[in-house]
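Below is one structure, written out as structure tokens; comments come after it.
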Amino acid sequence: MSHPATPDDLAAPAATGTVLQVSPLLPALEKTLAERHRTVRLHELPDPAAYLRERAGDVVAAVTSARFGVANSLMGALPRLGAIVHFGVGYETTDVVHARARGIDVSNTPDVLNDCVADLAVGGLIDVMRELSAADRYVRAGRWGAAPYPLTSRVSGKRVGILGLGRIGRAVARRLEGFGTDIAYCSRVPVADVPYRHIPTAWELAAGCDAVVVTVAGGPGTRGLVSAEVLDALGPRGFLVNVARGSVVDEPALVAAVREGRIAGAALDVFADEPNVPRALLESDRVLLLPHVASGTHETRQAMADLVLDNVRRFMAEGVLLTPVP
């Protein structure tokens, strides 16, 4: 979503200098970025430290991914850095408070990935509750002839909690309305103009639902929010879907809950130490494991790339960002 320019924005000076690409990006995005701006790919340099010693003063903008962000030490090494542009909706890997204290603006790519992430969240919920992937493996292993597949849980009409009713959470809720689900949500404060029940804590949300879909933002404020106590509240008939960040779930507690049957199953697109996944989850037929692909469609990634380019273009031309983080 574009933010309208203010008179102050329009009067901001243009930025002249180098764009520093901090991490790998989509090849097409890297190509266009290099064509439009003087760009240095820091992660590909044989001696990044030498470059920073010699040319740090050239850098006025940094482009990075949600996975890598920009470290405080790197900000400190770039005296003219004025903008950090993230490819992705998440920006918890960059210390935004620290950046702003140094006069550095930060942007991300909101809205353009909401639909695909919500699609995958609902798909993951259906898969883990109806055991689609597990049933597929059952057929492929030749087990169908020996016995029919065990009964599974229906999705329609269930009580579903959404942990974090932001843009993506609301998109998930709209989709689930079509299944006749009873939707509740947990957020710091009630969200205006939604028909869903607000629940004040993650524990209470889990205790009153058959499934919880995690869409809350990552970062220190939500680390371990889905704790052992929350998983126990969800219970042996409850399901967890996480399309947010691996840090939001206490992963050792989740591993224990899955191994001991204290929750019914989980659909996970994110993990605490990607791409490493705990063996107990790999070995469980009650867990759907996805390689962080919620926004991984051609359409969404192109829209994200376009928004990154638009942010860089706006900053280099006018000194402001198109989609600054809140």
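Scanning segment 17-52 for residues that are of a type outside the set (A, V, I, L, M, F, W, C) and touching a residue at least 60 places away in the same chain (Cβ under 8 Å), we see that the one that is nearest to residue 81 (Cα to Cα) is 17. The set of residues in segment 277-326 that are in contact with a Lys or Arg (Cβ under 7 Å, 6 or more places away or on another chain) and of a type in the set (Val, Ile, Thr) contains only 320. Taking the conditions (1) hydrophobic (A, V, I, L, M, F, W, C); (2) in contact (Cβ under 8 Å) with a residue 12 or more places away in the chain; (3) touching a helix residue (DSSP H, G or I) at 6+ places or on another chain (Cβ under 9 Å); (4) more than 22 Å from residue 23 (Cα to Cα) in turn, residue 106 satisfies each one other than (4). When the strands (runs of 3 or more DSSP E) confined to segment 76-193 are screened for residues that are of a type in the set (Lys, Arg) and closer than 25 Å to residue 227 by Cβ, those reaching at least 1 such residues are found at 159-163. Can you tell me which residue in segment 206-216 is surrounded by the fewest Cβ atoms within 10 Å (Cβ to Cβ), limited to those that are farther than 24 Å from residue 90 by Cα and not small (Gly, Ala, Ser)? Across segment 206-216, the extreme among qualifying residues is 210. For segment 153-194, a residue qualifies if it is without any contact (Cβ under 8 Å) to a residue 12 or more places away in the chain, farther than 23 Å from residue 295 by Cβ and not charged (D, E, K, R), and the qualifying residues are 189, 190, 192. When each of 266, 305 is tested for being assigned by TED's automatic domain parsing to the domain that holds residue 62 and either crowded, with 23+ Cβ neighbours inside 10 Å or touching a residue at least 12 places away in the same chain (Cβ under 8 Å) (or both), the lone residue that passes is 305.
Restricting to segment 94-117, and then to whatever is of a type in the set (A, V, I, L, M, F, W, C) and touching a Ser or Thr at 6+ places or on another chain (Cβ under 8 Å), can you tell me which residue is farthest from residue 77 (Cα to Cα)? Even if it seems obvious, please write down each step before you answer.
Initially, segment 94-117 is screened for residues of a type in the set (A, V, I, L, M, F, W, C), giving 96-97, 99, 101, 104, 106, 112-113, 116-117.
Within this subset, residues satisfying the condition of being touching a Ser or Thr at 6+ places or on another chain (Cβ under 8 Å) are 106, 112-113, 116-117.
Details: 106: 17, 112: 32, 113: 32, 116: 37, 117: 35 Å.
By that ranking, first place goes to 116.
Of the strands (runs of 3 or more DSSP E) lying entirely inside segment 224-326, those containing at least 2 residues that are within 21 Å of residue 205 (Cα to Cα) span 239-242, 265-268.
Looking at residue 2, is it at pLDDT 95 or above, under 23 Å from residue 89 (Cβ atoms) and of a type outside the set (A, V, I, L, M)? Answer is no for this residue.
The values are calculated or read from the model by the stated rules, or taken from the named source; none is laboratory data. Keep in mind it's a predicted model, so treat the numbers as computed, not measured. Quick reminder, even Gly has a Cβ in these numbers, built from the backbone with ideal geometry, and neighbours come from all protein chains shown.
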